[in-house]
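Below is one structure; the comments refer to it alone.
Values quoted throughout were computed directly from the atomic coordinates according to the rules given, and no laboratory measurement underlies them. A quick note: this is a predicted structure, and the numbers were derived from the prediction, not measured. Quick reminder, even Gly has a Cβ in these numbers, built from the backbone with ideal geometry, and neighbours come from all protein chains shown.
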Amino acid sequence: MARKVIKGILIGLALFFFLLPIYWIVATSFKQWPDIFAIPPKFIFQSTALHYKALFNLNLEEMAKFGQAGKSLFPPRFINSIVIAGVSTLLSVALGTFSAYAFSRFKVKGEGDLLFFILSTRMLPPIVVGIPFFVLYRALHLIDTHVGLILIYMTFNLSFAVWLMKGFIDEIPKEFEEAAMVDGYTRWEAFLKVILPQALSGIAATAVFCLITAWNEFFFALILTSERARTAPPSIAAVQGTSGINWGQIAAGVTVFLIPVVVFTFLVRKYLARGLTFGVIKR
């Protein structure tokens, strides 16, 4: 009994520790200006939607009274984030699944070296390759383009997708597709109709991790874009009012920015739960 109580207390403390920052961001997005800077902090306050209205340019006149400088650029850049992160995730998972299947089912010469090389691209901190990518993109006229960001996000996520999906496909018995091919299926048909359905949980888990990485990426979105293709993270960080940093609107932007990833993770939760535990029990 005492063990269960201690376990419950520890879980409660962990939840409090991890959820408090999220609560504070959401609460700040609904606080009025004086309450944001109140000392001691206010946990009970009169809520307002003023910061969300400013975020989506719904009440600029009212925001001007509180030092909001110009229109918010969040809406188009939020759409950029959805398009760029979504397409790069789709490409990363698709190419990673095909590559992982090849490594899992065929004898590839130098497989260990190739897999290590693929993984090594993930080891590079973005700041190390920032200048080379900037020079390359400027020569290819990819600066401030959606295609440019999609390609670089796909490149960094692909190594992760290959390694993760290879582990999932390795756990699917080869006998399944061999039996399908004996029944007259081609290799491609066996992959689509036998392997792919079995690997859905792994695909869901890989997609969630790739989406989170692309969705939160800040550095490349900052140095490789300016206006047309800039995503939400640099835009949220750059919110300013005439009197300084607009914390209420930043909190509103972060709250809205959290929603798509949370919704996507919720939608694939039944696959995700199985994907994260896939292969724990060996045959």
Please report the projected area of region 61-198's Cα convex hull averaged over all directions, in nm².
13.2 nm²
Simple Cβ-charge dipole of the chain, Lys/Arg +1 and Asp/Glu -1, about Cα centre, in debye nearest 20:
600 debye
Based on Cβ point charges of +1 for Lys and Arg and -1 for Asp and Glu, what charge dipole magnitude is obtained for region 72-180 about its Cα centre, in debye rounded to the nearest 20?
340 debye
Quick one: which of 154-161, 4-11 comes out on top by average Cβ neighbours within 10 Å, and what's the full order, highest first?
154-161, 4-11
If packing is taken as the mean number of other Cβ atoms within 10 Å per residue, what is the order of 192-200, 26-34, 133-141, 77-85, highest first?
77-85, 26-34, 192-200, 133-141
Which residue fluctuates most in the GNM of the chain (Cα springs below 10 Å): PHE176, PHE103, PHE18?
PHE18
To the nearest 20 Debye, how big is the dipole of region 129-201 about its Cα centre, given +1 on the beta carbon of each Lys and Arg and -1 on that of each Asp and Glu?
380 debye
The chain: relative contact order in percent, alpha carbon pairs under 8 Å with at least 6 residues between
29 percent
Using only DSSP helix segments of four residues or longer, with each worth -39500 (n - 2.57), what per-residue ellipticity at 222 nm results for the chain after dividing by its residue count and rounding to 500?
-22500 deg cm²/dmol
Using the structure shown, select from LYS166/LYS270; LYS7/LYS42; LYS4/LYS42; LYS174/LYS270 the pairs with a Cα to Cα distance greater than 23 angstrom.
LYS7/LYS42; LYS4/LYS42; LYS174/LYS270
Signed unit charges on C-beta, dipole axis of the chain, positive-most listed residue PHE45, VAL262, ALA161:
PHE45
